[in-house]
Structure formats: C-alpha cells, structure tokens
Amino acid sequence: MNVQREKMRLQAYLASCGLGSRRSCEKFILDGRVSINNEVATLGQSVCPGDIVRFDGHIAKPQTRLRYIALNKPPGFVTSMSDEKGRPVASSLLGNSVEERVYNIGRLDQWSSGLLLFTNDGDLTALMVHPSGLIEKEYHVETDQTIPSTFAAQFMAGIVVEGITYKAESVHVVSDRTMSVVLIEGKNREIRKVLEHFGLRAMHLRRMRIGPIELGNLAEGAHRELAPEEVLALRDFSASKRHKQGTNP
C-alpha cells in the first residue's frame, strides 16, 4: 500500500496499517485503543495527511509491503498475538524473517494443528473471515472411537449443540476413526463440539487446506511466503464460490 495522500476513513487507515479487517478496526476504535493527534478517536473520524495515529500507544503507519504467509501450526500454540496466560503464540514461529506486522487470518484452537495464514492485508482478511467470503477450510480428523454411521449426514444437515447450529459443507469418512471435514463459517471449536455431541474426542485435528491453499509438505512449525498466484487464487476462489451461489461480492 502507498503512503497516504488524502483524507481516509479511520477504520480504512487502520486496516492499511495491517491491524486487521475494517470491521475489527472499528472495534478497536470503539474500545478506545486508537488516538489521533493524542486525542482518543471516535468511530466516523477521518485521518488527514500529517495526522499522527496511535494504536495502543504505538504510532500506526500504512504498510509499505503486503505479506502473505502460510504456517504449519503445531499443537500447543495459541493464535492470539499475545497470551495473558503465558502460553506460546503461533506468531512467534515466524521469527525475525517477517519485519512487517502481520496478523493471523482466523484461528485454530490451541491443540489443533495445521495451516494458518498470516497477512497485513486487511481487505483480504475481511474477505476470508466473513462467512460471505465462502472460503472453505478442510480438516483431517482422527477420533478416539468409531465414527457413527449417521455422523456425516447429520453434520452436513446441521446439528444444534447448546442452542448453536453447526453445519459442515462436507464430511468424508475415510476409515472407522478418520475423516475429512470441510467447513465454511467455522464457529469456535466447531468440530470438537460436534464430536463431543456424539460422544467422541479428537485425537488429532489438522487443518489441511484454506480455499485453494494446501498445507502440503510444509514441516510442522515452519512457514513460507505465498506466491503471488496463490494470493490471486484465494481471491478468485471466493469470487467463484459467490458467483455459483448467486451472492454479491
């Protein structure tokens, strides 16, 4: 993104700084974490050239380079950028190889592993985390007991657990205790909660794919830069899915 040359809505400016999607940046403003020229900002404000914007006390400047990174998250790491309990955070695995401030797109719970994407592109983040983006996430699941014969059909039809409906895009049972699950919305701990509903427990839960981006042979704990064509494929994947379902971009 280029240096700002004209007035810009505050949430758009924060997104251009790599702080998250515009929607999440609106929450930062409402929470009082953003200031303009040392005055606490309010939703609806704009940023003019020369204004000094701070987030959590640190000056926020538009990113000069967009980064798109795939990480194979090991179990035990949390996907928040910091953790008050002192648990290891997935972003620490990027080390010093990423100078830009990047954020994970979506989440994986602490004991799940696999593909996790990081970027400072707020617009792509918004596209991928919102259900309207229709980005598929594929998981490989190993259970502690035999998977019931009705599991796949019920999960794809929709299961209500504690008042919340969980629905998979697809479920393919590979063997007695292994299956592939594809989600689109991906509510918090969705697969684990549905498994518990059936009296099952996940022994291993690994995310293998996000849209067209596959985990492949990326070593656990390692990361790589996405190629430009992969970033384009992510955007095209969402556009194609919306077109098929007749959803406006």
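Select from 152, 204, 66 the residue farthest towards the positive end of the dipole of region 62-221; place +1 on Cβ of Lys and Arg, -1 on Cβ of Asp and Glu, and compute about the Cα centre.
Going by the Cα projections, it comes out as 204.
With Rg and Dmax of the Cα atoms in Å defined as stated, name the option among (i) 29.9, 85; (ii) 24.3, 92; (iii) 19.6, 63 computed from the structure displayed.
Computed from the coordinates, Rg and Dmax of the Cα atoms in Å corresponds to (iii).
Report, in deg cm²/dmol and to the nearest 500, the calculated mean residue ellipticity at 222 nm for the chain, where each DSSP H run with n ≥ 4 adds -39500 (n - 2.57) and the sum is divided by the residue count.
-6500 deg cm²/dmol
How big is the dipole moment of the chain about its Cα centre under a simple scheme where the beta carbon of each Lys and Arg is +1, that of each Asp and Glu is -1, and everything else is neutral? Debye, nearest 20, please.
280 debye
Suppose the chain between residue 193 and residue 130 were pulled fully straight at 0.36 nm per residue; how much longer would it get relative to their current alpha carbon spacing?
Gain in length upon complete extension: 20.6 nm.
If I build a Gaussian network model for the chain, linking alpha-carbon pairs within less than 10 angstrom, which residue out of 186, 76, 199 has the largest mean-square fluctuation?
199
Evaluate the distance, in nm, between pseudo-label points positioned 7 Å from the Cα of residue 23 and of residue 43 along their respective Cα→Cβ axes.
Once both label points are built, they end up 1.3 nm from each other.
If I model a spin label at residue 236 and residue 144 as a point 7 Å from the Cα along the Cα→Cβ vector, what separation in nanometres do I get?
Computed distance between label sites residue 236 and residue 144 equals 4.4 nm.
So, by mean Cβ neighbours within 10 angstrom, what's the order for 206-218, 62-74 with the highest one leading?
Taking the mean over residues of other Cβ atoms within 10 Å, the ranking is 62-74, 206-218.
Go through 109-121, 77-89 and give me the packing order, highest mean Cβ count within 10 Å leading.
Descending packing order for the listed peptides: 109-121, 77-89.
Students often get this wrong: which residues of region 118-151 have the backbone nitrogen under 13 Å from the point 7 angstrom along Cα-to-C-beta of residue 178?
140-143
Coordinate-derived values only; no laboratory data. Here the structure is a predicted model, which means the values were calculated and not measured. Heads up, the Cβs are rebuilt from the backbone with ideal geometry, glycines too, and the neighbour counts pull from every protein chain shown.
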